[in-house]
Amino acid sequence: MVIKEITDIREKYPDRKSALLPALYVAQREFGWLSHEAMMSVSHALNLPEAMVRGTASFYSMFRHTPVGRHLIQLCTNVSCMILGAEKLIDFFRTKYGVGPGGKSQDGRFSLVVMECIGACGTAPAMLVNTDFHDNLTEKKIEEILEKYK
Ligand code: FES
């Protein structure tokens with residue numbers, strides 16, 4: 001199914017290299033992270049050298065190279081978010097969910113990474129859960145939000 005979707009993506013571009021980023025995104029969505037096997041699938045589907053696939057995947061921070069929890073939390077810790085409490089929220093993630101930056105909760109539910117500005121400085125602190133955006137975060141609001149992600 002992944003190969004078919006990647007092949008369909010390849011057909012939309014005049015050059016196979018242009019399909020690489022969306023193909024990697026599909027592979028990551030399907031497998032959860034870009035394992036060697038996932039990158040080989042992309043390499044074969046697009047008929048591109050493995051080194052090109054691996055080099056491209058390693059360049060972008062949106063691609064993951066280790067197994068992650070079912071839901072990826074990306075918490076902004078840049079200036080506005082830090083001033084408005086992101087550091088305390090990191091402590092909250094540790095104590096409430098048992099996950100710190102770069103880690104995965106023991107139940108496999110969440111992975112947490114810290115990231116630079118996600119463009120919500122005026123409504124900081126902010127985070128992404130998978131691709132969903134959340135801002136004006138408080139500990140209580142995080143609890144309510146994460147209830148939806150089992
Ligand atoms: S500093 Fe966090 S969204 Fe801009």
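The values are calculated or read from the model by the stated rules, or taken from the named source; none is laboratory data. Model, not experiment: these values are computed from the prediction. When we count neighbours, we look across all protein chains shown, and the Cβ atoms used for this are built from the backbone with ideal geometry, even at glycine.
Just name the residue that is nearest to V68 (Cα to Cα) out of those in segment 96-141 that are of a type outside the set (A, V, I, L, M, F, W, C), in contact with an Asp or Glu (Cβ under 9 Å, 6 or more places away or on another chain) and within 11 Å of the ligand (Cβ to nearest atom). Looking at the filtered set, the residue picked out is P125.
Step by step: first the residues of segment 91-106, then only those that are assigned to a loop (DSSP other than H, G, I, E, B) and under 18 Å from the mean Cα position of the chain (by Cα), then the one that is nearest to K150 (Cα to Cα). Which residue is that? So the residue we want is S105. Of all residues in segment 69-89 being away from the ligand (no atom under 13 Å from the Cβ) and surrounded by fewer than 17 Cβ atoms within 10 Å (Cβ to Cβ), which is modelled with the lowest pLDDT? Taking the candidates together, the pick is R70. Could you check, for segment 61-71, whether at least one of its residues is in a loop (DSSP other than H, G, I, E, B), under 26 Å from Y97 (Cα atoms) and polar (S, T, N, Q)? Yes, there is a match, as at least one residue in segment 61-71 is in a loop (DSSP other than H, G, I, E, B), under 26 Å from Y97 (Cα atoms) and polar (S, T, N, Q). Just to be sure before I move on: is E144 closer than 28 Å to Y13 by Cβ, of a type outside the set (S, T, Y), surrounded by fewer than 17 Cβ atoms within 10 Å (Cβ to Cβ) and away from the ligand (no atom under 16 Å from the Cβ) in the structure I sent? For E144, the condition - closer than 28 Å to Y13 by Cβ, of a type outside the set (S, T, Y), surrounded by fewer than 17 Cβ atoms within 10 Å (Cβ to Cβ) and away from the ligand (no atom under 16 Å from the Cβ) - is not met. Can you name the residue in segment 1-59 that is of a type in the set (S, T, Y) and either more than 18 Å from the chain's Cα centre (by Cα) or outside any helix (DSSP H, G or I) (or both) and, of all such residues, is modelled with the lowest pLDDT? The extreme case among them is T7.
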